[in-house]
1. Cut-off is 10 Å between beta-carbons; in what order do 184, 120 appear when sorted fewest neighbours first?
2. Please rank 85, 30, fewest neighbouring Cβ atoms within 10 Å first, as an exposure proxy.
3. So for 261, 155, 71, fewest C-beta neighbours within 10 Å to most, what's the order?
């Protein structure tokens with residue numbers, strides 16, 4: 001019986017997590033390239049759903065199809081004439097349509113009735129169109145300033161973290177209990193809104209001697225926004241480590257499955273008294289690999305704990321204008 005192919009046991013190369021230290025402060029910022037969600041700047045609170053907040057607008061083609069359907073006067077006429085028929089006439093025409101078209105033609109009067117009733121409930125020009133209220137987060141995203149991008153990066157990082165299979169693993173139960181990522185995202189957004197309010201109060205750059213004073217205040221706000229980006233970067237690194245943890249979990253699952261398969265193959269080999277050429281069916285190599293992955297996962301949990309450590313500290317106060 002052909003044995004399972006296995007690479008010869010070798011010394012495990014140091015993983016990235018084994019050599020990483022706590023994040024140095026001078027590391028290149030991540031948020032400038034990780035602030036867009038599906039190509040858009042979307043800012044969400046930690047408990048919000050993008051499709052419930054209105055930040056994902058209805059696609060234009062949906063609006064066009066709806067407007068086209070509402071403009072079909074002949075279809076509304078069909079619905080209105082159908083409603084004028086007696087019940088017996090409707091049954092007679094319905095049976096004929098079913099016999100000759102298999103019921104497909106019945107969709108025409110049905111669609112006409114729906115359109116006719118919609119027009120009656122929503123007369124043209126009689127109901128004012130009221131704009132949906134715009135949330136402070138959507139307004140912040142529309143500004144597309146440094147603090148808006150930082151808030152967008154934090155929102156995206158936390159959404160992606162919660163989508164990772166590893167985040168729901170029992171191995172991260174302690175981390176989930178100790179780290180409130182939703183509250184961290186909300187705090188970043190609140191600080192970003194305060195910076196945005198300060199920008200609005202600062203106004204446009206004046207001329208004359210006041211311009212130098214305006215420049216100092218503007219630079220102070222930019223510095224506060226970039227400093228806030230360090231907290232967003234911690235969330236991004238935490239998300240990346242959760243993704244790596246998911247990959248390790250998947251690899252561990254596959255190796256454990258192969259370990260069970262190898263044990264079964266080894267048992268079959270012994271029962272059939274056919275020399276396998278390797279008494280353990282490669283289980284020693286699998287066991288070593290599984291042990292290595294479990295060790296790497298333990299180190300990843302430690303690294304994720306160190307990564308979120310800066311987020312446990314209160315944010316630095318926003319520098320005031322002087």
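Throughout, read-outs are computed from the coordinates displayed, never taken from laboratory work. Remember, predicted model here, so these are calculated numbers, not experimental data. Here the Cβ is made from the backbone with ideal geometry for all residues, glycine too, and neighbour counts use every protein chain on show.
1. Numbers: 184 23, 120 10.
Starting with the residue having the fewest Cβ neighbours, the order is 120, 184.
2. 85, 30
3. Ranked by crowding around the Cβ, least crowded first: 71, 261, 155.
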